Amino acid sequence: MRRMSRIVIDPVTRIEGHLRVELSPEKLKTSTGEWDVVKEAYCSGTLFRGWETILRGRDPRDAWIITQRICGVCPAPHAEASIQAIEAAFNVTPTPVAVLIRNVLHGAYYIYDHIIHSYILLGPELGVVCKYPPMVPPALGKEGVSKLGIGSSYVGALEIQRKANEIVAIWGGKFPHHQSEYPGGMAVRPTEDRIASSLARMFEIWRWVAETMVKDFYNLLEANEKVGEAVSSLLDINFRGLQDVGASTGNFLSYGLFPDHENYDDWLSVLDSPSKRSSALIHAGAWDGSSKPLDISKIAEYVRYSWYDNESGLNPKDEDAPKPDKNKSEAYSWLKAPRYDGKVYEVGPLARMLNTYGTRWKIPIRNPVTGEDHGYFEYEVLNPKGSVIDRLAARVALTILTSQKVFEWLLELKSYTNQKVTNYRNVPKEGEGFGLWDAPRGGLLHYIKVKDHKIANYQCVVPSTWNLSPRDDFGQPGPVETALEGTWLPNLSVPEICNAIYPEKDVDLSALGLGAMSWGDALAAALTPLGLAELNIERLNGQIYNTSLTLMVVRSFDPCIACAVHVVR
Ligand code: NFE
Ligand code: MG
């Protein structure tokens, strides 16, 4: 679909899956000069996968195992959404102990996922722009980490996410693609050794999150103010910082997360009528300035701009298997365009926080072993339409919240060691049902229809399908397409931008045989051998555009296109 007047980024790196972004630039005049900004953006998922087709005709009990293979980043959420859909179709509910075990397993999975995104996928550019060495990848090797502190948090994050995944493996047999769910419960018991091994790991994780992750975020926030001031004077515009980058529609959808094991009826209520699922740790809701109960009948997928020859505007339960049509005119993506009540909704961490806590958050930080008080993680949303920094704040808040809760759930499991873990039910001849779970990237819906004991229809509507969706039948751009509009496309390299923000020569690289340098020059010295300093430069009609900022906007949604498109023949 490339048009000569668009900048093309293909593939977008440091995300999962195959994403192409096209940007049409326009000029913005200020007193200091003429700057290029994004006028229109187009997001395109470039690989058809066909999971919904693969599932047809199979034993329904296999669906949660198969759908986990949709993604190696978020396998666990697919298992959970799938098992809940199967349970609805089988008319069986999980035992309380199974819900607790699921919360532990998925809580640990969550911590891994948010840490990987915050530090490895999005973190590096935040570290560079905010001049925060602990989050800059340690291009200078071991010496850089030990002598200069470069990449200390980046390396720490890798270690901690591994521990979180060990907990998933303790309860799930392995990671990725755990093995222990079962319709009506779990296939694993809460034994003393599992609980003890998990608690030991959780304490280390909690400590790292409470100390390092929180501190890193506050340091970024402080630096962000300075970035705002420097860029404002460089461009002569009113720019406050990363809260002015990546604003989308201001509509936020959450399905809820971590049900109360003693009030599972409230969790299931959303399947019958609009609900907030308020007894869950994270609530369901549709936020448009305030949170309204989630009504699943308002979810529909549009395909006017997608390579499918399917009927458009249908609720997932009415959708057919995908009918790929690569020659469809106007279409530019393998992603469909899910909409809520016909409007464009963002899903993800910020949607979870807004629908649960509103715009002001105050999360107590307490040592789960000694009970010692460590104050609060406090934050007030800076941009009501979302932004790079607000999405990150929500991930940090959720990581703290989840780290503390997994600890509590583990302690609670001690009193459940002798209870029944599964309510068995045979595969029904007929049945159907939804499973709704908020995966790290946002609301995840699975739908199953069983006929003659086999899967007759299966639909997945996935978080990145919402966020990276193309235009819908009404012409409304998707959440990321909207967020990209107006983003600055500087005609400068990354070190040049950094030198404009931080001109002083205050980086001492003498430990590496180099002298005192400015941050931009230090980055060029450190990053050039890796090819990073020149990264994110795209050319159009002979002009150079630096797309680092636009990529930061895309990455702030933590895209996963493997998930978003559901084996090429
Ligand atoms: Ni493949 Fe995923 C998550 C799901 S998709 S990472 O989180 O579900 O956006
Ligand atoms: Mg689908």
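Here are the numbers for this structure:
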quantity: Inter-centroid distance (Cα atoms) of segment 196-273 relative to segment 446-506, Å; calculated: 17
quantity: Sequence of Arg56, Arg61 once ranked by neighbouring C-beta atoms within 10 Å, starting from the fewest; calculated: Arg56, Arg61
quantity: For peptides 361-371, 115-125, 157-167, sequence by mean Cβ density within 10 Å, most packed first; calculated: 115-125, 157-167, 361-371
quantity: Amide N of segment 19-56 lying under 20 Å from the label point, which is placed 7 angstrom from the Cα of Asn541 along Cα→Cβ; calculated: 21-30, 33-42
quantity: Label point distance in nm, Asp62-Ala187, each placed 7 Å from Cα along Cα→Cβ; calculated: 1.3
quantity: Equivalent ellipsoid, the chain (semi-axes from 5 times Cα gyration tensor eigenvalues, Å); calculated: 38, 30, 20
quantity: Packing-based exposure ordering (other Cβ within 10 Å, fewest first) of Arg441, Arg240; calculated: Arg240, Arg441
quantity: Residue-by-residue Karplus 3J(HN,Hα) for segment 397-407, coefficients 6.51, -1.76, 1.60, Hz, glycine and proline x; calculated: 4, 5, 5, 5, 3, 5, 4, 6, 5, 4, 4
quantity: J(HN,Hα) series, segment 544-551, from Karplus relation 6.51 cos²θ - 1.76 cosθ + 1.60, nearest Hz, glycine and proline x; calculated: 9, 10, 8, 9, 4, 5, 5, 5
quantity: Taking all pairs of distinct alpha-carbon atoms in segment 439-528, Kirkwood radius in angstrom; calculated: 18.1
quantity: Among beta bridges that DSSP assigns inside the chain, antiparallel share in %, nearest 5; calculated: 95
quantity: Cut-off under 5 Å, modelled amide H: who pairs with Tyr302 long-range; calculated: Gly313, Ala337, Arg339
quantity: Entries in Lys336/Lys429; Lys298/Lys362; Lys317/Lys451; Lys174/Lys215; Lys298/Lys328 that, when Cα-Cα distance is taken, lie over 20 Å; calculated: Lys336/Lys429; Lys298/Lys362; Lys174/Lys215; Lys298/Lys328
quantity: Least to most buried among Phe258, Phe239, Phe252 (fewest other Cβ within 10 Å first); calculated: Phe239, Phe258, Phe252
quantity: Label point distance in nm, Glu430-Lys226, each placed 7 Å from Cα along Cα→Cβ; calculated: 6.8
quantity: Sites Ala169 and Ala516 - FRET efficiency at Förster radius 35 Å, r taken between beta-carbons, to 0.05; calculated: 0.15
quantity: FRET E, pair Glu159, Ser279, Förster distance 45 Å, beta-carbon r, rounded to 0.05; calculated: 0.85
quantity: Cβ crowding within 10 Å averaged over residues, with 318-327, 476-485 ranked highest first; calculated: 476-485, 318-327
quantity: For segment 205-300: relative contact order, % (alpha-carbon pairs under 8 angstrom, 6 or more apart); calculated: 20
quantity: Other-chain or far-sequence residues with amide H under 5 Å of Thr547's (modelled H); calculated: Ile537, Glu538
quantity: Mean projection area, nm², convex hull over Cα of segment 292-372; calculated: 8.7
quantity: Relative contact order [Cα under 8 Å, 6+ residues apart], segment 364-427, whole percent; calculated: 24
quantity: Point-charge dipole on Cβ atoms (K/R +1, D/E -1) for the chain, about Cα centre, debye to 20; calculated: 1140
quantity: Distant-in-sequence amide H partners of Glu40 (H built 1.01 Å from N, under 5 Å); calculated: Ser24
quantity: Added length on full extension, which subtracts the Cα-Cα distance from 0.36 nm per residue, Glu504 to Asp295; calculated: 69.8 nm
quantity: Peptides 383-396, 422-435 ordered by average Cβ neighbours within 10 Å, highest first; calculated: 383-396, 422-435
quantity: Phi to ³J(HN,Hα) by Karplus 6.51 cos²θ - 1.76 cosθ + 1.60 over segment 12-25, Hz, x for Gly, Pro; calculated: 6, 9, 6, 9, 9, x, 10, 10, 10, 10, 10, 10, 9, x
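Bear in mind that the values in this text are calculations on the coordinates, not laboratory data. This one's a predicted model, so the numbers in the text were calculated from it and none came from an experiment. Glycine also receives a Cβ, built like all others from the backbone with ideal geometry; neighbour counts cover every protein chain displayed.
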